[in-house]
Structures are given as C-alpha cells and as structure tokens.
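Okay, so here's the structure we're looking at.
Every number in this text was worked out from the coordinates using simple rules, so none of it is lab data. Computed from a predicted structure; not experimentally measured. A quick note on method: Cβ atoms are made from the backbone with ideal geometry, for glycine too, and the neighbour counts reach across all protein chains shown.
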Amino acid sequence: MSSHASAVHHSEAPKGWLRHYIFSLDHKIIGTQYILLGLSAVTIGVILSVIMRIHLAWPSVHIWGFANGVVSPEDYLRVITMHGTLMVFFVLTTVPQSGFGNYFLPIQIGAPDMAFPTLNMLSFWITFVAMIVLVSSAFVPGGSAISGWTSYAPLSAVGVIAGPGQGLGQTLWIVSIALFCGASLMSAINFLGTTIDLRTTGLSLMRMPLTVWGWFITASLALLAFGVLLAACILLLLDRLAMTSFFIPSGEMVSGVLLNHAGGSPLLWQHLFWFFGHPEVYIAILPGMGIISHVLSTFSRKPVFGYRAMVYSLSAIGFLSFMVWGHHMFISGMSPYSGLAFSILTLVIGVPSAIKTFNWLGTLWGARIQFTAAMLFAIGFVSVFVTGGLSGIFLAQPALDLYLHDTYYVIGHFHLIMGVAAIFAMFAATYYWFPKMFGRMMNETLGKIHFWMTFVGVYCIFMPMHYLGYAGDPRRYASIESVHYLFALQPVYKFISIAAFITATAQLFFYFNFFWSIKHGKPAEANPWRATTLEWSVPTPVPHDNFAGHYPTVYRGPYEYSVPGAADDFIPQDLAPERVAKA
Amino acid sequence: MGSRKSCAGSAAPAVLMAIVILLLVGSTLYFHIAKTWWFPPAITPVGHQIDQQFFVTFIVTGIVFVLAQLALAWMVFKYRDHGQKARFVRGNHMLEVIWTTATLVIFVGLGVMAAHAWGEVHFGGPAPGALQVEVTGVQFVWNFRYPGPDGKFGRIIPKDIDASTGNPLGLDPNDPASKDDIVSGDLYLPVNRPIELMLRSQDVIHSFFVRELRIKQDTVPGLVIPVHFSVTKIGDYEITCNQLCGLGHYHMHAMLHVLSDADFQQWEQKQEAQNAQ
C-alpha cells in the first residue's frame with residue numbers, strides 16, 4: 001500500500017507560484033484553499049444574518065446597500081436565501097470535510113497525499129466557481145433567488161412570474177448548486193479511495209482516529225446523496241427552460257398567467273431534495289463529531305470512551321440518515337402513514353446520537369482536563385448538541401410538528417444542532433491543528449475570550465427562538481406587522497438581535513487571532529499537545545509528501561493516553577512497542 | 001508524568017462553564033414553566049391531545065436536558081486538571097447496552113404515544129354531516145368557498161380565474177352548482193360541528209395554519225388535501241401562511257371566525273342573499 005504510493009508521488013513540491021499555490025495538487029494546500037473559501041462564505045453569511053436581525057428588530061432603520069436604505073420583502077427573502085445557501089453548502093459542507101479532511105486525512109493514515117490529487121484540485125476549483133456563480137446571482141437583473149435554500153417548487157420552477165429574483169437569479173442558484181454537487185461527488189470518491197486503499201502498515205480500520213471514521217462515513221453519504229440533488233437540479237432547470245413538468249401540475253395560474261405545464265408534482269421536488277437534504281445535515285455534522293471525539297480525548301488525557309460504540313454509532317447514523325427524510329415533509333401533503341413511518345425512524349436515529357453523547361461524557365469522566373481553547377469548544381459542542389438534539393424529539397413527532405413546523409422553533413433547532421455545533425467543531429479543529437498547519441500557536445487568551453463570548457452568545461440567540469416557535473411565529477416572514485399575535489414578540493426579536501451583534505463581533509477575536517498568529521504566533525513544536533495520532537509525528541512545516549519518504553508503521557489504537565505502566569501520559573500510534581518508556 | 005500546559009490546574013474555566021450551564025438550565029426551565037411565550041389555549045379536542053403529548057415530551061426531554069447539562073458541568077469541574085492521573089478506561093459494555101436500550105425505548109415510546117393524536121387528524125375520514133369548506137391559497141390571499149344551499153361545489157376552470165372581475169377561484173359560470181357557492185376572504189365556522197377543510201392552491205405551495213386549532217397543512221398545487229376537526233370555542237382566530245410563497249408571504253393573512261350555530265346560519269343566509277343579487 002504505502003510502498004507504491006511513494007513511488008507514484010514525486011516527493012518535491014512543484015516550482016512556480018501558479019502550480020504551487022493556485023493549482024496545487026498538494027492536499028494540504030487544497031485543504032487550506034477550502035478553509036479560506038469557507039471563511040469567505042461564512043463572513044458573507046454572518047453579515048447577511050446581521051442585516052436580517054437589524055431589519056427584524058428595527059424595521060425602519062436604514063441599511064446601506066439597499067434601495068433607499070430599506071430592506072423590501074423581496075430583499076429580505078434574498079438575504080435569507082443567500083444566507084442559508086452559503087452557510088449550508090459553502091461553509092458546513094466544505095470546511096469540516098473538504099477543508100480539514102483534505103488536510104489531515106492523508107497524514108492521519110500515513111499516506112503521502114489523497115488517492116487522486118488532480119481530482120482533488122478540480123473539486124476545489126469547481127466549488128470555487130460554484131460560489132462565484134451563486135454570489136453573482138445577487139448582481140443580475142431581478143436579483144438573487146427568494147425561494148429559500150430549500151428552493152421548493154413550484155415557486156422555484158415557474159420563473160419570474162412567481163416573484164422577483166425567480167428569473168435569472170434562481171437559474172444561477174440551480175447552476176451553482178449543480179456544480180457544487182459535481183465537485184462533492186468527486187471529492188467523495190477521493191476520500192473513499194484514500195481511506196480504503198492508502199492506509200499505512202498496521203493501520204487497521206479499528207485503529208483509525210475517529211476523525212478519519214467521520215470523514216469516511218461522510219464521504220459515503222455524499223457519494224449517495226449528492227447525485228440525487230444533482231438530478232433534482234437538472235429536472236428543475238428543465239422545468240424552467242425546456243417546458244417540462246416534473247414539478248408543475250396542470251392548471252397552474254401564477255400572477256394571472258395560466259401555465260401550459262401538466263402532470264408534475266411539487267412533492268417530487270421535496271422528496272428528491274430532502275432525500276439529499278437529510279444525509280446532507282449529517283454530512284455537515286459527522287466530521288465535527290469525529291473532531292470532537294478526537295479533541296476531547298487529547299485534552300482529557302484518556303482514550304475515547306467506547307471507541308467501538310463510537311464507530312458503530314457513526315455508521316448507524318450514516319445508514320439511517322437515508323431513511324428519515326420525510327420528517328421534513330410531515331405536513332407537506334405526503335401520506336400521513338408515511339409520516340408515521342418516518343417519525344419512528346427519526347426517533348430511532350436519535351439513539352446513536354445519544355450514544356455518542358453518553359460516550360463523550362464517559363470520556364470526560366475520570367479525566368485530567370486541560371482547558372485549551374480547542375477543548376473549550378469541544379465541551380461547548382457537547383452542550384449545544386444536547387440542546388439542539390433534544391428539540392428534535394419534539395419535531396420528530398408529527399402530532400407536535402403540526403404546530404411547530406416552519407416556525408422559529410425549527411430555526412432554533414437546526415441552528416443549534418447543525419450550525420452552532422458544526423461551527424464549534426470547526427473552531428476546535430482550528431485551534432487544535434493550527435500549530436501543525438502553520439508552525440505557530442494561536443493566542444490562547446484571545447481563544448478563550450472568543451469561546452466564552454460565542455458560547456454565551458449563541459445560546460442567547462437561539463434559545464429564545466424556541467419560545468418564538470411556541471408562540472407560533474412563522475419562518476421567513478419579512479416583517480411581523482401583519483399578524484396581531486406576533487406584535488408581542490418584538491422585545492424578543494430585539495434581544496436576539498443584540499445577542500447576534502455581540503456574538504458576530506466576538507468572531508473578530510478569532511479572525512484577528514487566526515491571521516495574526518500565522519506570522520506572529522509563538523513558534524510551535526511538532527507535537528505541542530502531546531497527542532498520539534500520526535499528524536503529530538511529522539515535523540512542522542509538514543513536508544510535501546508528509547513523511548519525507550519514511551512512512552510510519554502503526555502499532556496501536558489512536559487514543560492511548562494515560563496507559564498504566566507507561567512513563568508518558570501518551571503513546572504515539574507509530575512508536576514501536578520496544579521503544580515505549582516504562583514508568 | 002508529562003509536562004503540564006500553563007492553563008492546567010486553574011478552576012476558573014470549570015467554574016465559568018458551570019455558571020453558564022446553570023444559567024442555561026435555569027432560564028430554560030423558567031421560561032417553560034412560566035410559559036412566558038407560549039401556545040394559545042387549544043380550541044379543538046385533538047388540540048388538547050396534542051398539548052398532552054407536548055407535555056409528556058417536555059417532561060421526558062426536560063429531565064434528560066437537565067441531567068445531561070448538569071452532568072457535563074459537574075464532570076468538567078470535578079475532573080479539571082489538578083495534578084491527578086486520568087483513569088485509563090476504554091469503555092463499559094454493560095453501560096452501552098443499558099443506555100442504548102433505555103434511549104431506544106423512551107424515544108420510540110414517545111413516537112408511539114404521539115401516533116394517536118396524529119391519527120385523529122389524518123387517519124380517519126370526516127365525521128358524517130361534516131361541513132365542507134374549500135380553502136384556496138394564492139399569492140397572497142386566502143379564499144374560502146362554501147357549497148351553498150345545493151350542497152355541491154361548482155366546477156373550477158383555471159383559465160377563468162380573475163380576481164379583478166370577482167372570480168378569484170375561477171368558478172365555471174356555466175355550471176349550475178357554482179351559482180350558489182359562497183366565496184369569502186375570511187373563514188366562518190360553526191362551533192361544535194365536525195368540519196372538513198379541503199385545502200388547495202392555485203400557484204405555489206402555501207400552508208394553512210391556525211394556532212388555536214393546532215392544525216397546519218401545506219396547500220399544494222395539483223392536490224386537494226382534507227383536514228378534519230371540530231371547534232369547541234367561539235371566537236376570532238388568526239390564519240397565517242406558513243410556507244414561503246413569495247414576497248407577500250408575511251402578509252398572507254385571514255381571520256377564522258367561529259360562531260354559534262345561530263350566528264353561522266345568519267351569516268350563511270346573508271351570503272346567499274348577496275349571491276342571488
């Protein structure tokens with residue numbers, strides 16, 4: 001396995017700035033490129049959410065960049081659509097998997113690079129083009145799409161007669177996502193091939209770090225799910241441009257125009273979209289779960305509690321994720337009997353997630369906890385995951401979903417369990433792996449300030465949304481001026497908005513810390529956290545082919561911390577047994 | 001013993017974590033018990049069943065929430081680095097079996113309990129003699145149609161839809177059944193009578209939602225979706241659209257007026273008289 005890998009891959013970096021930095025085939029550069037792309041996307045996404053929160057809390061305040069300073073209803077919908085699309089696709093789907101996964105998967109398995117470096121480079125650049133296409137939709141006549149990141153038909157299928165932005169803006173949205181699907185499929189093949197084929201000697205499946213398991217199962221989900229979204233996008237484009245009727249029934253009268261379509265089903269879009277969409281949210285969180293297990297273990301100085309259970313639960317979540325999509329459609333008009341089946345399966349998929357939570361707590365039990373910034377975010381992840389996961393138990397029951405569907409309760413739920421939890425995992429990953437990526441330490445004090453402000457802030461933003469949901473506050477409302485029972489919620493809106501501004505500002509500590517430390521951080525040793533996995537056994541900066549030709553042999557599992565009888569409280573995976581110092 | 005990081009040994013992060021978690025748990029419990037922002041009282045029998053199921057779910061998840069968050073806070077405090085050696089434990093098979101089984105039983109149990117209320121809304125047909133009202137969503141208004149004295153809904157022809165000439169639903173002028181159909185911008189229902197709403201949409205997906213009914217149902221072009229209930233309390237309730245339908249989504253609003261039998265008949269007769277003119 002590793003012997004022919006080194007023969008295939010030239011061990012020197014290519015010369016030339018363009019080949020080295022722009023069209024690099026090196027997984028470390030590509031991973032960094034994905035992370036920077038995600039950073040740009042999240043910056044735009046956060047700015048859009050701040051605009052949303054200003055508008056909702058103080059509707060008459062003028063905001064720079066909008067016609068007459070006023071956020072019109074269609075502008076508001078453009079903002080939420082762009083926010084959701086950028087965040088779900090270009091942040092949550094790219095950074096944990098294609099960002100950190102690309103960078104560290106080959107190193108953690110003792111390989112010189114991903115299995116298909118050229119395909120890897122292509123996946124990044126196609127993702128990059130996809131983002132350009134998406135952002136450009138804001139600048140075309142009619143503006144960007146207003147149908148939400150979920151883009152339900154017929155609103156998304158019938159064109160500009162359904163609303164502003166539904167012309168070229170919506171078409172560009174579909175093209176962007178279709179490109180993204182293609183790139184994701186390529187990336188999934190790469191991750192699977194690499195993990196299956198390029199593991200170094202001694203690295204059996206059950207000795208892989210949980211980060212690698214997370215990336216591996218995520219790639220399996222991506223391979224099976226993105227094809228369906230790609231097909232759905234093509235069908236939607238055909239409905240829009242070629243007068244097909246996949247999603248448009250007969251007798252459609254939109255804005256006084258009787259459409260010539262016949263025979264389509266709007267529910268078909270939802271089935272296709274959510275068949276992708278549910279695995280997608282697990283694609284967003286599974287790498288994060290792997291990272292959190294990894295970080296908790298390192299800074300607890302203990303093995304991950306229940307490693308096997310963690311592998312089985314990751315696999316169970318992956319497998320079940322294809323069977324629960326209907327819980328997004330309980331009141332869609334889908335058969336209520338299907339709804340019951342999806343409900344039971346959705347409750348069942350909560351079980352492996354609960355198992356993981358118990359095992360994370362088990363990892364902390366009896367530990368020796370070091371409160372680094374990475375560890376704080378890992379601990380925060382567990383708290384947020386519990387909160388976000390439990391609100392899912394309400395939504396999984398159709399009888400309760402009857403009330404809570406499409407209210408702010410759902411927004412609170414998915415932001416905590418998907419947005420915040422995954423972002424915490426990305427922050428933990430950044431603070432953890434920064435020394436290996438850049439050879440310098442991030443500032444711990446700034447990291448701690450960042451953590452505490454963010455942790456308190458996200459709860460102040462998203463917990464009140466559950467209460468808005470109880471009060472029946474519908475999603476995606478540009479204003480609450482038309483519904484009498486919503487007037488009383490204005491003070492809650494203001495509270496959430498102020499919390500959002502403070503939390504957004506807190507991220508400046510992170511930006512500054514990240515970019516400043518690249519040049520001015522304290523120089524890092526090769527293994528500053530005294531961790532066990534293979535990325536900590538290579539020098540910093542990491543050589544072009546990761547191991548400078550000397551591929552490691554793995555002798556043990558990935559989390560041998562505080563082993564009785566050992567002199568050190570950690571034993572690296574690649575340390576030969578006879579060289580382990582005894583106490 | 002390996003060298004210690006400079007942040008090891010301080011209790012401050014653990015204490016802070018405990019404070020934040022206690023504030024989270026305390027405030028969450030408070031707002032749920034005080035019902036500061038809450039559901040309005042239910043006005044249907046199935047609504048009361050749904051509220052009961054919500055209460056059970058809240059108790060179960062509430063207990064898990066409190067225990068899990070406090071456990072996290074406690075462990076983080078108790079096992080902070082103060083020079084101890086970490087316990088080398090790979091796991092515990094019996095614990096895995098216990099917590100997996102318990103979670104499965106509790107979660108699926110809640111789902112099975114909830115199935116009854118869901119079935120009440122959707123599994124059966126309407127009660128005999130139910131009043132049928134057709135609900136049509138269109139960007140950005142609701143139209144409600146009653147069959148009138150003949151008890152039959154007239155045929156709809158999409159190309160005849162023209163709100164500006166008073167035919168927002170596209171009723172076929174040549175169908176005698178449509179002449180006495182009552183079309184209203186608000187929904188009027190008699191109290192304590194079985195109702196069957198037939199939900200439709202002309203253009204994009206909308207969603208019919210009345211909080212007090214505890215009923216929400218998407219209206220889908222190409223489908224007619226029935227919803228059954230009876231209302232137990234006279235009053236005026238707001239109808240909102242709950243599925244993003246375009247730029248006017250936020251003001252697609254109507255009123256549900258639940259009237260006594262006598263008042264409802266009076267309203268019906270007034271509509272029929274207006275139709276006849």
Self-check item: For the protein assembly as shown, calculated [θ]222 nm from helices alone, where every DSSP H run of n ≥ 4 adds -39500 (n - 2.57)
Solution: -17500 deg cm²/dmol
Practice problem: Divide, for the protein assembly as shown, the radius of gyration over alpha carbons by 2.2 N^0.38 Å, where N is the residue count. | Solution: 0.99
Exercise. Enter the Cα centre distance for the pair segment A:25-72 and segment A:506-528, rounded to the nearest angstrom.
Key: 23 Å
Quiz item: Could you state the number of Å between the C-alpha centres of segment A:340-370 and segment A:222-281?
Solution: 35 Å
Quiz item: Percent of alpha carbon pairs in segment A:86-140 separated by more than 12 Å?
Solution: 71 percent
Exercise. Just order A:106-115, A:189-198 by mean Cβ neighbour count inside 10 Å, highest at the front, would you?
Key: A:106-115, A:189-198
Quiz item: Quick one: putting +1 on the C-beta of Lys and Arg, -1 on the C-beta of Asp and Glu, what dipole do you get for the protein assembly as shown around its Cα centre, in Debye to the nearest 20?
Solution: 3400 debye
Quiz item: Hey, fewest Cβ within 10 Å first, where do A:MET418, A:MET208 land in order?
Solution: A:MET418, A:MET208
Exercise. Scale the Cα Rg of segment B:131-276 by the rule-of-thumb value 2.2 N^0.38 Å and send over the ratio, two decimals.
Key: 0.99
Exercise. Would you mind ranking A:PHE495, A:PHE330 by Cβ crowding within 10 Å, fewest neighbours first?
Key: A:PHE495, A:PHE330
Practice problem: Once you have the Kirkwood Rh of chain B from its Cα pairs, apply Stokes-Einstein at 10 °C and 1.306 mPa s and quote D in µm²/s. | Solution: 68 µm²/s
Exercise. Rounded to whole Å and ordered largest first, report the semi-axes of the equivalent ellipsoid of segment A:1-150 derived from its Cα gyration tensor (root of 5λ).
Key: 40, 14, 12
Exercise. Write down the radius of gyration of segment A:459-539 and its Dmax, each obtained from C-alpha positions, in Å.
Key: 21.9, 64
Exercise. Excluding residues fewer than 8 places away in the same chain, name every one of the lysines whose C-alpha is closer than 17 Å to that of A:LYS28.
Key: A:LYS15, A:LYS436
Quiz item: Hey, if you put +1 on the Cβ of every Lys and Arg and -1 on every Asp and Glu Cβ in the protein assembly as shown, which of A:THR372, A:SER332, A:ALA231 ends up farthest toward the positive end of that dipole?
Solution: A:THR372
Quiz prompt | Peptide A:339-348 - average C-beta neighbours from other chains (10 Å radius) | solution = 4
Quiz item: Hey, what angle do you get for helix B:45-78 against the long axis of chain B, alpha-carbon based, 0 to 90 degrees rounded to 10?
Solution: 20 degrees
Quiz item: Could you give the distance between the Cα centres of segment A:422-458 and segment A:284-331, to the whole Å?
Solution: 21 Å
Quiz prompt | Acute angle (nearest 10 degrees) that the helix A:27-57 long axis makes with the longest principal axis of chain A, alpha-carbon atoms | solution = 40 degrees
Quiz item: Would you list B:PHE153, B:PHE31 from fewest to most Cβ contacts within 10 Å?
Solution: B:PHE31, B:PHE153
